[in-house]
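The values are calculated or read from the model by the stated rules, or taken from the named source; none is laboratory data. Here the structure is a predicted model, which is why all the values come from computation and not from measurement. Reconstructed Cβ throughout: ideal geometry from the backbone, glycine too, with neighbour counts over all protein chains shown.
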Amino acid sequence: MVRHSGREIEAFVIRRFSIRQFSEEREESLSPYAVKSRFSKGRLRYEEPCPMRTAFQRDRDRIIHSKSFRRLKHKTQVFIAPLGDHYVTRLTHTLEVSQIGRTMARALNLNEDLTEAIALGHDLGHTPFGHVGEDVLNELFAPGFRHNEQSLRVVDLLENDGHGLNLTLEVREGILNHSKSRGDVLGDEWTKAKTLEGEIVRMADIFAYINHDIGDAIRAGIITERDLPIGAVKTLGLSHSQRINTMVGDIIDSSWAASGYDKIEVENPMISMSPGILAATNELREFLFERVYHIKSAEEESERARDVVSHLYEYFTRHYEELPPEYLTYSDDTERRVVDYIAGMTDQYALRIVDGLK
């Protein structure tokens, strides 16, 4: 057994606590418009700082180790319970969003750790069966259902046996405001994030799903590369990687003032795009809504998903006592409990439960 002197132990403790401080000091070289972890607005419940990780690094790790994050690997992005090995899942989508977001944050001298934490947590509340599941719960649940709001509920309450993950306010706010409705990707239909890092995740989310959904749709035989709008493809690029590079590069160029590198004070720096790239991105996104997200060939598959979610909702609303015990403690409202349970399901788990109820 190795014995350490009191002085060695003291040095060890000091060194451990210095690691986080060194990381926080390095953040001082970031853009003046970046969020610095030591100036975080804090958590819902106070905790002693981690000796080795900044507040945002700690949030990132909590999300990665959560059960909700693991379940993303069996949740559908667009195509419901696909049999192929290469279709995108919520987990692979989340990792792509994180990678794209970190690239933009690093280039713009913003807080990469905050960006990564928001990206990794942004879809934790998504339903099984992609947006079909979300639409059904939104129709059935009187207060309405949006996956971004459910993601916040997951990290605030549902994870960790009802204690939540107790994330920083900056990460929570970014998760809540990452999503956007149909329309201009820079439009004002939804509340924007309050940090530049949160806005970066919003754009990274859009860039990721536009491009991987095209790949999945081609893989499924729904469209071909020739079907893609010619003008958008000429502007953005012929391949997945070319389009991502064009979009990311344009964000960096158009948002350069946010980096602080030019030493010119800007009153309200924004994450933006040039008119031409923005128009092409909007055109490609609208094409997906018309040709992929609302296609006739997927009606049978979508109806099956709708039936599964509807059946689960109706059954457990009537037989709430059959819900897993923990869901009885998260709310006093029966329908809220049922929504929490269904939203947390993977595609295959939802199918197994419905089969067991028949």
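Could you list, in sequence order, the residues of the stretch 88-112 that are over 23 Å from SER29 (Cβ atoms) and in contact with a Ser or Thr (Cβ under 9 Å, 6 or more places away or on another chain)?
VAL88, THR89, ARG90
When you look at ASN138, is it over 23 Å from ILE244 (Cβ atoms), out of contact with any helix residue (DSSP H, G or I) (no Cβ under 9 Å at 6 or more places or on another chain) and part of a helix (DSSP H, G or I), yes or no?
So ASN138 passes the test.
Checking ALA257 against (1) loosely packed, with under 15 Cβ neighbours inside 10 Å; (2) over 23 Å from the mean Cα position of the chain (by Cα), which test does it fail?
Single failed check for ALA257: (1).
I'd like the residue in the stretch 164-184 that is surrounded by fewer than 18 Cβ atoms within 10 Å (Cβ to Cβ) and modelled with pLDDT under 95 and, out of all such residues, is farthest from LEU278 (Cα to Cα).
Ranking the qualifying residues of the stretch 164-184, first place goes to SER181.
All but one of (1) part of a helix (DSSP H, G or I); (2) of a type in the set (Gly, Ala, Ser); (3) in contact (Cβ under 8 Å) with a residue 40 or more places away in the chain hold for SER151, so report the exception by its number.
Only one criterion in (1) part of a helix (DSSP H, G or I); (2) of a type in the set (Gly, Ala, Ser); (3) in contact (Cβ under 8 Å) with a residue 40 or more places away in the chain is unmet by SER151, namely (3).
Only one of (1) closer than 30 Å to LEU108 by Cβ; (2) modelled with pLDDT under 95; (3) crowded, with 18+ Cβ neighbours inside 10 Å; (4) out of contact with any strand residue (DSSP E or B) (no Cβ under 9 Å at 6 or more places or on another chain) fails for PHE79. Which number is that?
In the conditions (1) closer than 30 Å to LEU108 by Cβ; (2) modelled with pLDDT under 95; (3) crowded, with 18+ Cβ neighbours inside 10 Å; (4) out of contact with any strand residue (DSSP E or B) (no Cβ under 9 Å at 6 or more places or on another chain), PHE79 misses (1) alone.
Within the stretch 277-293, does at least one residue satisfy the condition of being hydrophobic (A, V, I, L, M, F, W, C), modelled with pLDDT of 95 or more and closer than 16 Å to ARG202 by Cα?
yes
Given the residues ALA279, ALA257, which is the only one that is over 30 Å from THR224 (Cβ atoms), of a type in the set (A, V, I, L, M, F, W, C), out of contact with any strand residue (DSSP E or B) (no Cβ under 9 Å at 6 or more places or on another chain) and assigned to a helix (DSSP H, G or I)?
ALA257
Sort out which residues of the stretch 204-220 are closer than 18 Å to MET273 by Cα and in contact with a helix residue (DSSP H, G or I) (Cβ under 6 Å, 6 or more places away or on another chain), and write them in order of number.
Within the stretch 204-220, ALA204, ASP205, PHE207, ALA208, ILE210, ASN211 meet the criteria.
So which of GLY198, GLY187 ends up being surrounded by 19 or more Cβ atoms within 10 Å (Cβ to Cβ), out of contact with any strand residue (DSSP E or B) (no Cβ under 7 Å at 6 or more places or on another chain) and not aliphatic (A, V, I, L, M)?
Step by step, each of GLY198, GLY187 is checked, and only GLY198 is surrounded by 19 or more Cβ atoms within 10 Å (Cβ to Cβ), out of contact with any strand residue (DSSP E or B) (no Cβ under 7 Å at 6 or more places or on another chain) and not aliphatic (A, V, I, L, M).
For the subset of the stretch 188-238 comprising residues that are part of a loop (DSSP other than H, G, I, E, B), polar (S, T, N, Q) and under 24 Å from the mean Cα position of the chain (by Cα), which member is farthest from ALA107 (Cα to Cα)?
Going through the qualifying residues, I end up with THR191.
Just to check your reading of the model, which residue among TYR313, TYR349, TYR327 is aromatic (Phe, Trp, Tyr), buried (at least 19 other Cβ atoms within 10 Å of the Cβ) and either outside any helix (DSSP H, G or I) or in contact (Cβ under 8 Å) with a residue 60 or more places away in the chain (or both)?
Only one candidate passes the filter, namely TYR313.
Residue check, ARG306 against (1) closer than 22 Å to GLY183 by Cβ; (2) in a helix (DSSP H, G or I); (3) touching a residue at least 40 places away in the same chain (Cβ under 8 Å), all met but one. Which one?
Of the numbered conditions (1) closer than 22 Å to GLY183 by Cβ; (2) in a helix (DSSP H, G or I); (3) touching a residue at least 40 places away in the same chain (Cβ under 8 Å), the odd one out for ARG306 is (1).
Name the single residue that is surrounded by the fewest Cβ atoms within 10 Å (Cβ to Cβ) among those in the stretch 115-135 being of a type in the set (D, E, K, R) and in a helix (DSSP H, G or I).
Here the residue is ASP135.
For the stretch 330-346, give me each residue that is farther than 16 Å from SER151 by Cα, in a helix (DSSP H, G or I) and among the charged types (D, E, K, R).
Matches in the stretch 330-346: GLU335 only.
Test LEU91 against the criterion of being free of Cβ contacts under 8 Å to residues at least 24 places away in the same chain, within 21 Å of ALA305 (Cβ to Cβ) and part of a helix (DSSP H, G or I), and give yes or no.
Against the criterion (free of Cβ contacts under 8 Å to residues at least 24 places away in the same chain, within 21 Å of ALA305 (Cβ to Cβ) and part of a helix (DSSP H, G or I)), LEU91 qualifies.
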